[in-house]
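Before any comments, here is the structure.
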Amino acid sequence: MSGLFSNPEFIRHTRSQLRPNKLISAASISFLLSFAVGSFIVRQRHLAGTSLQGAGVDLLHTAFILQALILAGGGGIACLNSIFSEKQQNTFDFQRVTRLTSLELTIGKLFGAPLLMYFLCLCLTPLTLYGAALAEVEITHLVAAYAVLLVASIAYHSFTLLLSLLSVRGSQIASILLALLVLWFASVNMWSPFVRLHALGPFDASEVALSHTWEVSRLDTVKTWDYGTPGFTDLFWHRPVHHLPVLLIVDGCLIFWFLLGVVRNIKKDPEYYELYSPAQFLGLAVFLNLLLASFFETRWATPLDAQSVFLVFNIVILSLLGIALLRTRERMRSLVRGARNRVPVSLAAIWPAPFLGLAAVLAGLLIVGCLHYAHTPGSAWSPEFALLRSLFFVIWILRDIQFLQFMDLRPSKHPLAMAFLYLSIYYVCVSFFLTAAGSFRTPQGTPITSIFLPTPVFVLDAKAWALAPDVWTIGFAVQLILLALFFYLQSERIRELRGPATALPNA
């Protein structure tokens, strides 16, 4: 594998973006912007009668915000356009057949597409150093701040590169909006009574530089999301830890998972994309659940509320990962008709239920185990009903994903998009009907709602079960029947794809 500076894809971006005229213009604009911003902030602080140290704090904070916007925001958009624009120009197929390995092509695009943004960020470094000198920031905090900016930006670039790979014609605006939403979410402080974790985005760099200490708060003082002294602290399994190593490690793990999806698929035909292998899918699901469990504060919630938070989180995560496991019609056809390693119809008919179900079961057991260990003695905690709620959650996830997989095998244009549309219409219409009927407002209506929607599982306890055990059982049975129905319909589709036995190639 070639190094980064000898990578042909990286060199191609270097030649197109780092032209002398472009660099001179970018450096001149950055110098003028730095001079204007620095003069304005220092002048305003002087007129207000404050010290130069206060001006340095404002200047350092502003400089890091500008660098984060340029490097993360601008670089993310560049990565988002890197593969998508090549597909639009019909030149991406030529890159896929080059002698570059998948990893070399991925690394070349990851660091080559935002190369101009790295240069602009470097041009603003003198402004940052000037602000750090006025604010009397230690060099170690400044280096740590740049490490946060760099690692968090690369994590965001990895995500947008993966999004660029998966984008299709006509989805550019939606992809940009999703990328900006993720950047905003990563920059929002997640510290709450439930999750004791600060933001993981690049805009935390200025807070690291201005923290002035590496100490962590005592456990009894960590009650607000203040970044000030004695350092900004997370709670990792109820123990206070400094946020800096947490941010670097978590963002580093996210870089690995995002790039893994790109490397697996960047040289494949879009019809054969499979974001992760089943084993990688299980590993990612376990990693995300352990991440939430590690920083989840159970003492601020009842066990029922805590499990509901975990279940909502897993509904989102496992739904996204389940969608990533879906196989297109062409991919399924190649698997069931291939001469080598042909997938049996019986196994293809229940895909992706085995791996998705295993991930959902592991997530449910992890949740119940953590809550059983951490719940307060005497609280309303029932491990039996906690397992029942997890079982209901598993069946519901499998039912919806299996419906999407069945629909994705239909011989129509954009079958998966239509499946999402049908599923959305179902949930919206049922929610309106049940709201009009008053099922959400009465305890007696909750069991009936469970037949149509998964939300009643969040309040399922011994009291709710005793009101109508037969209706709850019917709700479980209906989901199992629908799951079996989708298995059957999918098997029929696969038999059509497989064709007559005489048409099969010899093994």
- Task: Considering only the range 388-507, give the helices (runs of 4 or more DSSP H) lying wholly within it that have at least 2 residues that are surrounded by fewer than 17 Cβ atoms within 10 Å (Cβ to Cβ).
- Result: 415-437, 462-467, 469-498
- Message: So in the range 133-179, with the set limited to residues that are of a type in the set (V, I, T) and in contact with an Asp or Glu (Cβ under 7 Å, 6 or more places away or on another chain), which one is surrounded by the fewest Cβ atoms within 10 Å (Cβ to Cβ)?
- Response: V151
- Is the range 36-55 home to any residue that is under 23 Å from R19 (Cα atoms), in contact (Cβ under 8 Å) with a residue 24 or more places away in the chain and either of a type in the set (S, T, N, Q) or not assigned by TED's automatic domain parsing to the domain that holds R12 (or both)? no
- Query: So, of the residues in the range 227-284 that are among the hydroxyl-bearing types (S, T, Y) and closer than 22 Å to H61 by Cα, which turns out to be farthest from the chain's Cα centre (by Cα)?
  - Reply: T229
- Query: Quick one: in the range 329-385, which of the residues that are within 26 Å of P411 (Cβ to Cβ) and among the β-branched types (V, I, T) is modelled with the lowest pLDDT?
  - Reply: V343
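The values are calculated or read from the model by the stated rules, or taken from the named source; none is laboratory data. The structure displayed is predicted, hence computed values, not measured ones. When we count neighbours, we look across all protein chains shown, and the Cβ atoms used for this are built from the backbone with ideal geometry, even at glycine.
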